[in-house]
Each structure stands twice: as C-alpha cells, then as structure tokens.
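One structure is given below, encoded as structure tokens.
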Amino acid sequence: MTLDFLGSLERSHRCGELRASDAGATVTLMGWVNGRRDHGGLIFLDLRDRTGITQVVFDQSVSAEAHAKAEAARPEYVVAVTGTVRVRGEGLTNPRMPTGEIEVAIHEMLLLNDAKTPPFSPAEDAIANEEVRLKYRYLDLRREEMQKNFAIRSRVAMAIRNYLVEEGFLEIETPFMTRSTPEGARDYLVPSRVHPGSFYALPQSPQIFKQILMISGFDRYFQVARCFRDEDLRADRQPEFTQIDLEMTFPRQETVFKVVEGFLRAAFAAAGVELCAEPFVQMTYDQAIQKYGIDKPDMRLPAMVDLTNDLTPQLRESLKIDPALPVYGFTIPKAGGLSGTARKALINEIRANLGDTGLDFLDVARLRTNEAFVPLAEAIAAKLTAEQIVFCGENFTTDDLAVVITATPGTPAAWNYDKQWIPKRVGALRLELAKKFADKHGLFAQTGTAKDFRFLWVTDFPMYEWNEETKQWDAAHHPFTSPHEEDIKSGALWNDKGAVRALAYDVVLNGTELGSGSIRIHRKDVQSEIFRTLGMTDEEAHQRFGFFLDALEYGTPPHGGIALGLDRIVMILAGASSLREVIAFPKTAKAIDLMVDAPTPVSELQLRELNLRIAHRN
Ligand code: ASP
C-alpha cells in the first residue's frame, strides 16, 4: 500500500466537534480509524481523535479513489479526510454520540499511516488484561476513558496551580538529585560518576528544600512535585508519584487548612463537583480513634458509640464481660432485618473475624428476650439512635444492624497496655461490615454531588511512635514536625515522650488520607532534641542534616506546610479504580515499567564508568 504525505493539509475541525448546524460545510478531519463498516458501494469509517468520533461516508460513485482507500483502511490506520457535513437520514442518528446527528460525505482521503492489528482495540471499553494494557500503553491511552482521565488530571492540576498563585504562592522547583530525605521509605540512589563511591538520593519529598525556601524568605512556596520512595508496593502505591507540595511562613494550622480547602474546592470544581462552602470538620487524633477506631475516619458511616459505662459491674459479671475493658457499638444502616439463619451466620462470621482476640459480639436483639437485660438493650438502642440522628437524622431501628463488641474476661493482657487496641479493632470491623453491606446502605454510592465527599482534618497526632523491634521512638510524621508549644513548655518533650503531641495534621476524604503536613520546628535546640530522641547522636545528626541545622541558626521564621497526593485526588475525581488509571506511564506492583521494560541491567562499560561492580547475593 502506498502511503500519502500530509503535505500542507490542515484540520478544519476535531472529530468531536461537528453538529447539525455545520451541515453544508466542507471540512477536513484527521485521526484514527476506530471502526469500519463495508456496505459495498458505501463504506463507513468512524474517525477518532481526543475529542470524539465522527462517522464519515465514502460513496464509490462520488470518489472511486477515496472509496478504494477507505476499503484498504483498517482499525488504527491514520487518515485525513475532506468532505461535506450532512445531517443523517431519518432513523439513522445516534443519540449516544455528540456528533450523532451528522456524518461527513468524503470526496478526498489521505492514508497517512497503516497499523498492525493491535493486541486489543482502543475502541473497546473494558480490557481485562492489565499487563497487555501497560505494555502497549500508547494503545491503551487512546481509549476514551483514559483520554478523559488525563483531561481531568490536567484541568485539576491547572486549577490548583491557579488557586495557589492567586494566594501568593511561588512555584519553585527543587532538585531530584539530592540527599536522603527521611519520609520513612527507602531511597532510590543515583551513583555519581565524578565522585566514585558516592550517590545522590532521589527525594522522597521536597521536605528539607521547602523548609529552606522558607528560611530563604520566599514566604509561600508550592510545587507539583515528583517524589520517589522505594517501598514494597502495597496495593495502589507507585514508586514515583506526584504531590501538591506547599510551605508557608508564619502560619497557624488554620492558615494551612484554609489554603488546602480552597485549592481542593477549585480542583473539584474543575472536575465538575461543587463542594459545600462550610469549612471541613476537624477532629483530634484521639477523638478519631475513639469515634472511628482509625486515624482516617470514613464519615460516610455512623461513628462508633462508647457503651463502656452502660455495662455496669453486675451486668458485666452476668454477661461474662471483662470488668474494666471498654465496650463499643456501631450501626450499619439498613443492614438489619435479616432472616434468622442469615443473622446467625453473620454473628458467626463476626465472631470468626474477631478470632482469638478475646473480643466478642454482644447480641442486642437477644438481650431483649430476657427481662433482666431489657434496660441495657434499651440504653444501647438509645445511644445508637443518638448517633444515627447526628449522622443522618434517622432513628436507629431493627432495620439497621447493631454491632456491639465486648471483651471477655481474660482478654489477652497485651491489649490492655495499648488503649487504642480495642477501638482500632472495632473500627476495622465497622469498615469491613460497611463494605459487605454496601448495597444495602448505599452510603458509598456516587451521586455526583458534594455529599459524596466527606472531608475532615485530623489534628494533634502523637509526636512519636514506639518501635518494639528497635526499642526506639520513631517520628510519627517526620522529624521536622514541631511538637505542641505546651508540650515543649511543660517539659514533656524531654520527660514524657509518649505524651508529646505533634502539630501535625492529615486531610482525609472518605476514609482515605489525601495529605499530611505539619507546623515545623524552627529552633535548633528543639530540632536537635528530636534527632536525639529518634536515636541519632549529635554527630550522626550533624553528618546527615548538618546543612539544615546550620540553616536553622540564621534566622529561621516559624513555618509549616503540607503535601497532598495529586494522583489520588485525580483518581477519585475520575472515578478510577487504581492510581495506574491516572498516571500515564505507571509501574506494576513489582515496580516495572512494562512498556519501556525498566529496570534493566546496564552494560559493563557503564558500570565501569560509575565504578560499580554487581555482586550477586544468593
Ligand atoms: N513531606 C511530607 C510528606 O511527603 C509532607 C509535609 O509534611 O509537608 O508526607
């Protein structure tokens, strides 16, 4: 087949643009053959580009030459066509296509390129095999859904940029080739050719640089920043991902919250969702654990209810419940009303789920069958009702599933030492059951309105987490996070490390953490103390962060900031099921790019230049 040259031909329209009002116009379209129907003397091609699809028609009696080319065309061939727009005949319009009222009668066609038969057709909606999609990513990205995802991504990123620039933020780039930044993952390293044996680290985040930009007087910084973290890839993580990273001088936490809420509103609006104007809910970490059993509450469901005080010592004794441990309940709306057998099966399933933790399901419905326990059943129902009314304005009824979890006497003592263990376990059960009964309660359904998106701020995280393995304190956020001023003033920072609260905050949406940030340490004495608590000698701290400790000594203003995962925000707005749907060239769960086939071994010569030798360890 001979291919044509494009010459000086130009497009007059895109493939998604033409409407009935264009009838009579002579137009030139270019794009891919999405599909072809051959009716002998008449051939129909669906021509596709980013904007949509137009049906074009070749009549042998109008142009035998164009018709012959259309006959040769196959899916994914690249063509240019010129013809006249006409309204489709009665009964031939396609209301599912924006261009469905018209077609273009072609009198001239250029075959610009042919295509091998693709391993899958970009015209298909759902393609099961993700490996094939990733290997032939350019075909996959031609699909309408992917084109839509990246259009959203671009709009959302631009809306955020515009908002932040309006708010006085400067976009400043920070290096990719740098030193290790402690965000809790492993570093990706880049060997230096010029300095044998030395390595750059790719940034896990721009954290230290953005703080230094505040020391440098930039006042407000942001960056749509790529971050690199070498961690075992749990579901839906990517080794490189994008954050909306920002930092500001002299902020209170609320100052950061206001900026983030503003840019999220702008981002959601760019994707067609108007969020409500009220500020996001705020909750401390302790409250989140008590009410939701997790530090990223999903507030689309009723909260947990603390029933500890309703279980008196006598009741605990007769019901074989631990005398001291807390009792929590929650409801799953509309998941009650089960048949006797289904109820029994569910209770068994919940008990199995709790395994040998010592926790047990307290059957509230059965309590009602014994006079001695009726007041307790009523007290529990009253509390569950109170929560349901706060949550959705509705009374708790037997239509709703009541789950009350108690601890049996002798519950392993280890749990007692961790005050959060029971609420966390019950909180996890709440989420599992909510998932199981999603069809019944319908609370996860997407209605396309602001109601679908329940945001909140979780504040006052603990400063440190005790690491049983290393017998050391770890930074719960990162080591540049400031403790509460009161916890510095009270001396807790030095004497009661487990009680120190951090000025750290997370923004959470529907049970997913969208971003984390903090007010930072701006004093060298406090920073040094934190490094020491984290097990770093002054010498080590100086070796790793000496440049930063030095910078702190040259007039560092109070500062703070946050970073939000752009990929995740776009994934939610696109209604996509995985981050890989909104990253153009993502990596697999094994950190492989299947299209370019990376990582790969490199040549001996490259290794030698880098002064590296590969030692295979078994
Ligand atoms: N650097 C932090 C992170 O990547 C965010 C922040 O504290 O601003 O999670």
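The values are calculated or read from the model by the stated rules, or taken from the named source; none is laboratory data. Only a predicted model underlies this, so the values are computations on that prediction, with no experimental measurement involved. Quick reminder, even Gly has a Cβ in these numbers, built from the backbone with ideal geometry, and neighbours come from all protein chains shown. Accessible surface is based on the protein model in full, side chains and every heavy atom, while ligands, DNA and RNA are left aside. Shrake-Rupley method; radii C 1.70, N 1.55, O 1.52, S 1.80 Å.
Leaving out same-chain residues fewer than 8 places away, which lysines sit with a Cα under 27 Å from that of Lys69?
Lys116
Compute the distribution of all C-alpha to C-alpha distances in the chain, in bins of 20 Å from 0, and list the percent of pairs in each, rounded to whole numbers.
For the chain, the pair-distance distribution reads 15, 38, 33, 13, 1.
Distance from the Cα centre of region 236-263 to that of region 342-378, in angstrom?
44 Å
Where only protein heavy atoms count, and the probe is 1.4 Å, what is the accessible area per residue for region 1-85 in Å²?
Numbers: 4160 Å² over 85 residues.
Solvent-accessible surface per residue comes out at 49 Å².
Would you list Glu240, Glu65, Glu486, Glu261 from the most to the least accessible area, probe 1.4 Å? Let's see the in-between values first.
On the way: Glu240 55, Glu65 130, Glu486 95, Glu261 15 Å².
Listed by decreasing accessible area, they come as Glu65, Glu486, Glu240, Glu261.
Could you give the C-alpha radius of gyration of region 1-64 expressed as a fraction of 2.2 N^0.38 Å, taking N as the number of residues it contains?
Values: Rg = 12.7 Å, N = 64, 2.2 N^0.38 = 10.7 Å.
In units of the globular-protein estimate, region 1-64 measures up at 1.19.
Lys489: which aspartates and glutamates have alpha carbons under 19 Å from its alpha carbon, excluding same-chain residues fewer than 8 sequence positions away?
Within reach: Asp460, Asp525, Glu529.
Rolling a 1.4 angstrom probe over the protein chains, ignoring ligands and nucleic acids, what is the accessible area of Lys497 in square angstrom, nearest 10?
Surface accessible to solvent at Lys497 totals approximately 40 Å².
Please compute the net charge surrounding His195, taking Lys and Arg as +1 and Asp and Glu as -1 over other residues with Cβ under 14 Å from its Cβ. Spell out each step's value before the answer.
On the way: positive: Arg179, Arg193; negative: Glu609.
Combined, the nearby Lys, Arg, Asp and Glu give +1.
After finding the eigenvalues of the alpha carbon gyration tensor for region 465-539, what semi-axes result from the square roots of 5 times each, listed largest first in whole Å? If you can, show how the numbers build up before the last one.
Details: eigenvalues 96, 49, 29 Å².
So the equivalent ellipsoid measures 22, 16, 12 Å along its semi-axes.
In Å², what does the accessible area per residue of region 437-555 work out to with a 1.4 Å probe?
47 Å²
Going through the DSSP H helices of the chain, which span 15 Å or more along their own axis at the Cα atoms while scoring at least -0.5 as a mean Kyte-Doolittle hydropathy? Spell out each step's value before the answer.
Details: long enough: 144-166 (33 Å, -0.32); 253-270 (26 Å, 0.67); 340-354 (21 Å, -0.17); 374-392 (26 Å, 1.19); 421-436 (23 Å, -0.21); 538-552 (17 Å, -0.40).
Passing helices, by number: 144-166, 253-270, 340-354, 374-392, 421-436, 538-552.
Starting from 0.36 nm per residue, how many nanometres of slack lie between Gln287 and Trp494 once their C-alpha separation is accounted for? Display every interim value, and only then the final one.
Values: separation 207, 0.36 × 207 = 74.52 nm, distance 2.52 nm.
Length gained, Gln287 through Trp494: 72.0 nm.
Report, ordered by chain and residue number, the aspartates and glutamates lying within cross-link reach of Lys383, taken as a straight Cα distance under 15 Å and ignoring same-chain residues fewer than 8 apart.
Partners found: Asp306, Asp310, Glu394, Asp400.
Just need the relative contact order of region 475-541 here, percent rounded to a whole number, with Cα pairs under 8 Å and 6+ apart. Spell out each step's value before the answer.
On the way: 67 pairs, mean separation 20.1, N = 67.
So the answer I get is 30 percent.
If ligands, DNA and RNA are left out, what is the accessible area of Phe548 with a 1.4 Å probe, given in Å² to the nearest 10?
So the heavy atoms of Phe548 present about 0 Å² to solvent.
With every protein chain left in place, what is the accessible area of Ser21 in Å² (1.4 Å probe, nearest 10)?
110 Å²
Rank His616, His39 by accessible area, highest first, at a 1.4 Å probe radius? Mind showing how you got there, number by number?
Details: His616 165, His39 125 Å².
Largest to smallest exposure gives the sequence His616, His39.
Helix-only mean residue ellipticity at 222 nm, the chain, DSSP H runs n ≥ 4 weighted -39,500 (n - 2.57), per residue, nearest 500. What is it?
Values: 20 runs with 196 residues, N = 618.
Using -39500 (n - 2.57) per qualifying helix, the result is -9000 deg cm²/dmol.
Let's see if you can work this out: charge +1 on each Lys and Arg Cβ, -1 on each Asp and Glu Cβ, no other charges. What is the dipole magnitude of region 269-407 about its Cα centre, in debye to the nearest 20? Display every interim value, and only then the final one.
Working: 12 positive and 19 negative charges, 73 e Å.
With Lys and Arg at +1 and Asp and Glu at -1, about 360 debye.
Is the shape of region 545-618 rounded, prolate or oblate, going by the alpha carbon gyration tensor and its root eigenvalues a ≥ b ≥ c, with a/c under 1.5 for rounded and a/b larger than b/c for prolate? Walk me through the numbers before you get to the answer.
On the way: a/c = 3.45, a/b = 1.11, b/c = 3.11.
It is oblate, given that a/c is not under 1.5 and a/b is not larger than b/c.
Using a 1.4 angstrom probe on heavy atoms only, work out the carbon and sulfur share of the accessible area of the chain in %. Write down the numbers at each step before the final one.
Numbers: 16170 of 31320 Å².
The value for the chain is 52 percent carbon and sulfur by accessible area.
Dividing the convex hull volume of the Cα atoms of region 171-228 by its residue count, what figure in Å³ per residue is obtained? Spell out each step's value before the answer.
Working: hull volume 5.3 nm³, N = 58.
In region 171-228, the Cα convex hull volume per residue is 92 Å³.
Mind running the shape call on region 361-435? Use the C-alpha gyration tensor, a ≥ b ≥ c as the square roots of the eigenvalues: rounded below 1.5 for a/c, prolate if a/b tops b/c, oblate otherwise. Intermediate results must be reported in sequence, preceding the final value.
Values: a/c = 2.24, a/b = 1.32, b/c = 1.70.
Verdict is oblate for region 361-435.
Between beta-carbons, use under 15 Å as the cut-off and find the net charge around Thr447, counting Lys and Arg +1, Asp and Glu -1. List each step's numbers first, then the result.
Details: positive: Arg300, Lys451, Arg454; negative: Glu274, Asp452.
Net of charged neighbours comes to +1.
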